[in-house]
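See structure below.
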Amino acid sequence: MSVLRLDHVSVLYGRVSAVSDVSLAVDEGEIFALVGESGCGKTTLAMSIMGLLPRAAAVAGTIEFLGRDLTALGEEERAALRGDRISMVFQDPASALDPAFSVGEQIAETIRAHKRVGLREAKARALRLLEEVGIPDAPRRYRDPPHRFSGGMQQRVVIATALANEPALLIADEPTAALDVTIQAQILDLMRELRRRHRTTILLIAHDFGVVAQLCDRAGVLYAGQLVEVAPVGALFAESRHPYTAALLGALPSAEHARGALPAAPGQVPDLVSPPPGCRFQPRCPLRRAECDLVPPLAPVGDHLTACWATPETQALGRELAIAGGGA
Amino acid sequence: MTAATVALRHVRPRELTARLGGRQAAAGIGILVVLILVALLAPVLAPHSPDAIDADHILAGPSWSHPFGFDALGRDVLSRVLFAYRASLGVSIGAVALALALGLPIGIVAGYFGGVVDNLLMRPIDLLLALPALLLAISLISITGPGELVALFAIATIYLPILARVVRSSVLAVSRELYVEGARARGVSHARTIWSHVVPNALGPAVVQASVLAGFALQIEAALSFLGLGAQPPTPSLGLMLADGYQVLQQAPWADIFPGLAIAITVVAFNLVGDGLRSKLDPRGISG
Amino acid sequence: MSCELVSTEGLTRDFAVGRGLGATRTLRAVDGVDLEVRKGEILGVVGESGSGKSTLGRLLLRLLEPTSGRILFDGADLSRLDRRGVHAFRRRAQPIYQDPYSSLDPRWRVARTIREPLDAFGLGTAAERETRVAELLEAVGLSERHGAARPHQLSGGQRQRAAIAAAIAPRPDLVVADEPVSALDVLVQAQILNLIASLQREFGLTIVFITHNLSVVEHLADRVAVMYLGRIVELGRTAEVLRDPQHPYTRALIDSVPHPDPARGPDLSALRGEIPSPIDPPAGCRFHTRCPIAVDLCTTVDPPLRADASGRVVACHLAQLDQHAA
């Protein structure tokens, strides 16, 4: 069963088409990654699920969470879900924590904001959470303010806060991007462990393919607001079907390429005020063809879903849809 | 100065508005220009002498020939307001200009070089913060005798540490930007780095602060004049008129309201300039 | 033999922290670094936050004065230069920074920034400088239109290209690049790495490339120095160090990088604990608090840098080196 289902979701900021017609489903208990470069729309998608987009943003399509369409809910109902059924971990733990309250109080407060429990019970639970996320000497550190903790430890506290009400969905936006590699490895370990224990569904926003490969079950690749490929990570890294995914993976620096000869796709990410028609990757694409001026549908190709006219499956699906569309 | 004039010659009105910091600042600057003209042209504009006493019309109300009415000594309020702008604008703009002239270089040097230089320059400046303005004004009077200049110096002394601190902190922030270190690496001298990179990027907060302080200076000038430490009667100043008019507010509100309005318009104009510049000085707002 | 462009001896830099009330404490950001940078090489410097790698870079550019120790640049002691000597040195040693937004003056059009060093060093006539700016824009893949733009009108990649153009404008011998691609997306990063490599080849630049990203070092650097808490703990040819790290910290760093290949299995977090504060570094070997193989000796005795026959340098009591003195 899918915890989260996006159906033809588009987000417009004024004239900026930040997300364009994205459909995907995240299954219960899986870690699903949204990958892409900055400006690809991954954070906008996360914010539209949280209901935290600025007022100026217009969201089209449906966002179904546990069978309920979130876009149809009022602000109060959405606020009630946040921190309870859906919670979020941000990139910068220092700004996610209130400097004026102890870490323990912040977790207890999150619990009491959503559950009718006594102070003592909330405290006991907050303490258990701090222990669970690996804060050493948790009972003594319960009363410490955030600035007494290192970046890695702060991120553990943020994760504990996010898990406080056992959410059905945890959205993690680049949770390790601000951390040193040895600390990042510890946080990734923690997230794997928590997932094993609680079977929490996690939507991970990431740009680092290493993190995606080591943590996630499936991944969706976004380019300039369009979802171009979805696949289990094994299949994605073994054999990417979309030329953009291939370009991204190919451009990772390594000793395999001679110095100065990284296969870097030419050009740059398009301006989202007036993106190219059809597939937005087409101006940079080595496989560009005439059909690319139309938006390619996501078609199943083996384990993948790929939106590229250069694959026969997309071609076939495109013809099918055209016939169905013409008949309607 | 010349570069600015040359540039302005080719500018259409809408561009001029943009360069002056948007509609808000342009409106503020427009009002101030009018007020300064009023002050300068007061002898021409004023329908009567500001000092002429008409004993028959003490506290008389507004009429066609005396639209703002008369004050407690039977003087024309309109003419006095026009002349009062001379003392009031002179003191407020002069005080801010003096404080800027001293505070900018001190703040810039202290913020850019930091360390010992910072301490040597800023500690004495901080001492000024501890000096009560009134005591200062009184001690100045004992040297020079009372007058507008005393008010000007007293206000400048209050403002100097404020402006120097604002400049210092924004220069400190800008000096940490990599483009400043980069300029040093590119062989640019300290003086030139300060002039071409630090000052243009750090001046914004000081200019905004200065325009707000200029508005506030009118009120300090009023207080000083009220205590007899500023402009001396019969020289009209807005503060003095406000203080005098307050005594007769019940019988003759016009003697108080019009000087009050004059102060309010000026303060609003200075604040418009401040707010407008605040948004204008964000470099991301620069077009083209 | 003078194959090295820069060499440092016991280079040390302290910072005072905790100003204001209370006693000032000393943070030793760089601690007795001996390093040689060879002409024409790309030397990678890797380390985590607090390792002192950025401070080392600024010391090499003489943007910071060392507390003790010295730097020889092309044989000349940098601390003995007079004003003119420093000015001449600046032309030969240029920085590239991580954040191309804050490294370009937001009020200046890009072409003016690129021209700034030409003016400051008095290179060429006014007309020649104009031409040179156009050449430089082209060399980094920008057009005149980009030159006329202000930084906020450009993308991150374009801004970094402009910053690189300004850095190579005075034809330096040495470029110290501090995390120049860390703020960039993968495809842009690849473009900039290719650009740096091609400029290095074209102009025979010597580059000190400071980064936390081991993949970038693996791709680009001839040699790599690994720093931990202000010290170099290992230094050698990149391929050898990464294939067969001798220092346990280097090994942990390599193991911590999540590999973009799920088939390689999840990497277990190699290191427990946190990086200690450089204000109060551990006694003995600075790494012993996190080291998986530390013995008693490590907690008391600071391991010296030892070199083997191939030029690999390691500061670890337990490293097995071919003990040919170096």
Check: Restricting attention to the range B:36-65, which residues are assigned to a helix (DSSP H, G or I) and either under 23 Å from B:P253 (Cα atoms) or small (G, A, S) (or both)?
Finding: B:A39, B:A42, B:A55, B:D56, B:H57
Next item on the list: Name the strands (runs of 3 or more DSSP E) wholly inside the range A:14-97 in which the number of residues that are buried (at least 18 other Cβ atoms within 10 Å of the Cβ) and under 13 Å from the mean Cα position of the chain (by Cα) is 2 or more.
Entry: A:16-27, A:31-35, A:86-89
Note to self: Please count how many residues of the range C:242-257 are within 8 Å of another protein chain (Cβ to nearest Cβ) and either farther than 13 Å from C:V224 by Cβ or part of a loop (DSSP other than H, G, I, E, B) (or both).
What the structure shows: 4
Next item on the list: Restrict the check to the range C:65-79 and report whether at least one residue is within 18 Å of the chain's Cα centre (by Cα), among the charged types (D, E, K, R), more than 8 Å from chain B (Cβ to nearest Cβ) and closer than 30 Å to C:L229 by Cβ.
Entry: yes
Notebook entry, point to check: Can you pull out the residues in the range C:73-101 that are crowded, with 18+ Cβ neighbours inside 10 Å and either over 30 Å from C:A183 (Cα atoms) or not charged (D, E, K, R) (or both)?
Noted result: C:F73, C:L78, C:F89, C:A93, C:Q94, C:P95, C:I96, C:Y97, C:Q98, C:P100, C:Y101
Next item on the list: Could you check how many residues of the range C:164-195 are outside any loop (DSSP other than H, G, I, E, B) and more than 8 Å from chain A (Cβ to nearest Cβ)?
Entry: 12
Next item on the list: Grab the strands (runs of 3 or more DSSP E) fully contained in the range A:143-242, keeping just those with 3 or more residues being under 30 Å from A:P283 (Cα atoms) and away from every other protein chain (no Cβ under 14 Å).
Entry: A:226-232
Margin query: Looking at the range C:102-134 only, could you name the residues that are surrounded by fewer than 17 Cβ atoms within 10 Å (Cβ to Cβ), free of Cβ contacts under 8 Å to residues at least 12 places away in the same chain and either hydrophobic (A, V, I, L, M, F, W, C) or within 7 Å of chain B (Cβ to nearest Cβ) (or both)?
Written below: C:A126, C:A127
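Out of curiosity, is B:S175 within 22 Å of B:I125 (Cβ to Cβ), over 21 Å from the mean Cα position of the chain (by Cα) and away from chain C (no Cβ under 14 Å)?
So B:S175 fails the test.
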Note to self: Filter the range A:76-115 down to the residues that are modelled with pLDDT of 90 or more, of a type outside the set (A, V, I, L, M) and more than 22 Å from A:M191 (Cα to Cα) and list them by number.
What the structure shows: A:E76, A:E77, A:R78, A:D98, A:P99, A:F101, A:S102, A:E105, A:E109, A:R112, A:H114
Notebook entry, point to check: Residues of the range C:22-53 being surrounded by fewer than 21 Cβ atoms within 10 Å (Cβ to Cβ), within 14 Å of another protein chain (Cβ to nearest Cβ) and either closer than 24 Å to C:Q200 by Cα or touching a strand residue (DSSP E or B) at 6+ places or on another chain (Cβ under 7 Å) (or both), which ones?
Noted result: C:T24, C:G40, C:E41
Note to self: Of everything in the range A:264-319, what is under 16 Å from A:G36 (Cβ atoms), away from every other protein chain (no Cβ under 14 Å) and either surrounded by fewer than 20 Cβ atoms within 10 Å (Cβ to Cβ) or without any contact (Cβ under 8 Å) to a residue 12 or more places away in the chain (or both)? Give them in sequence order.
What the structure shows: A:P275
Item checked: Residue among C:H146, C:H152 that is under 18 Å from C:R109 (Cα atoms), part of a helix (DSSP H, G or I) and touching a Phe, Trp or Tyr at 6+ places or on another chain (Cβ under 8 Å) -> C:H152
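Residues are listed down the side, and each one gets a yes or a no for (1) modelled with pLDDT of 85 or more; (2) in a loop (DSSP other than H, G, I, E, B); (3) under 30 Å from C:P100 (Cα atoms):
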site: B:V174; (1), (2), (3): yes, no, yes
site: B:R184; (1), (2), (3): yes, no, yes
site: B:A217; (1), (2), (3): yes, no, no
site: B:D244; (1), (2), (3): no, no, no
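The values are calculated or read from the model by the stated rules, or taken from the named source; none is laboratory data. Fair warning: this is a prediction, and the values are worked out from it, not measured in the lab. Virtual Cβ from ideal backbone geometry, glycine too; neighbours counted across all protein chains shown.
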